[in-house]
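Here the structure is laid out as structure tokens; the discussion comes afterwards.
The values are calculated or read from the model by the stated rules, or taken from the named source; none is laboratory data. Keep in mind that what you see is a predicted model, and the values were worked out from it rather than measured. All Cβ positions, even for glycine, are placed from backbone atoms using ideal geometry, and neighbour counts span all protein chains on display. These area figures cover heavy atoms from the full protein model, side chains too; ligands, DNA and RNA do not enter into them. Shrake-Rupley method; radii C 1.70, N 1.55, O 1.52, S 1.80 Å.
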Amino acid sequence: MDFCPKCGSILQTAKKDPFILKCPKCKFQKPMEYKEPNKKTSLKLGKVPEIAVIDESQEVMLRLLPTIHVVCEICGNTESETWNVETANENIHSTISFFRCTKCKTTRRESG
């Protein structure tokens, strides 16, 4: 899209010659410039990485959440992963604690 250098209007193609741009207000004219289209490039990343499959025995090594001693209400297990989320409103600030059983994966929360 080109603009007229005199009045700032959008230049339009002339009806008689489609290779000339013409201003509809002040009648300024200029030849249309050829602009090369954007070329698409492709990037080869090489070999696609494989997806690692982790079984339950290796899952324990990958835990990132801290574990604490909390009794699960469903299965009775005494170890749970825990994390906190803080919520804020204009007037209310509270923390929600989550506990996920390491055995049955049941998650419960407590508001504080």
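Placing a label point 7 Å from the Cα of residue 97 along the Cα-to-Cβ direction, the residues of the range 66-87 with a backbone N closer than 13 Å are 67-71, 80-85.
Net charge of the neighbourhood of residue 72, taken over other residues with C-beta under 13 Å away and scored Lys/Arg +1, Asp/Glu -1, is +1. If you sort the three axes of the alpha carbon gyration tensor as a ≥ b ≥ c, you get a/c of 1.5 or more for the range 1-54 and a/b above b/c, which makes it prolate.
Contact order, relative form, for the chain: 12 percent (alpha carbon pairs under 8 Å, 6 or more residues apart, mean separation divided by residue count).
By accessible area, using a 1.4 Å probe on protein heavy atoms only, the chain has 54% of its surface on carbon and sulfur. Length gained on full extension, residue 7 to residue 40: 8.3 nm, using 0.36 nm per residue less the C-alpha separation.
Ordering of 84-97, 14-27 by packing is 14-27, 84-97, highest average first (other Cβ atoms within 10 Å, averaged per residue). Potential lengthening of the chain between residue 17 and residue 107 amounts to 25.2 nm, from the contour at 0.36 nm per residue minus the alpha-carbon distance. Panel values: the chain, Kirkwood radius from alpha carbon pairs, Stokes-Einstein at 37 °C and 0.692 mPa s, translational diffusion coefficient 152 µm²/s.
Here the extension length gained between residue 85 and residue 26 equals 14.9 nm, from 0.36 nm per residue of separation less the Cα-Cα distance.
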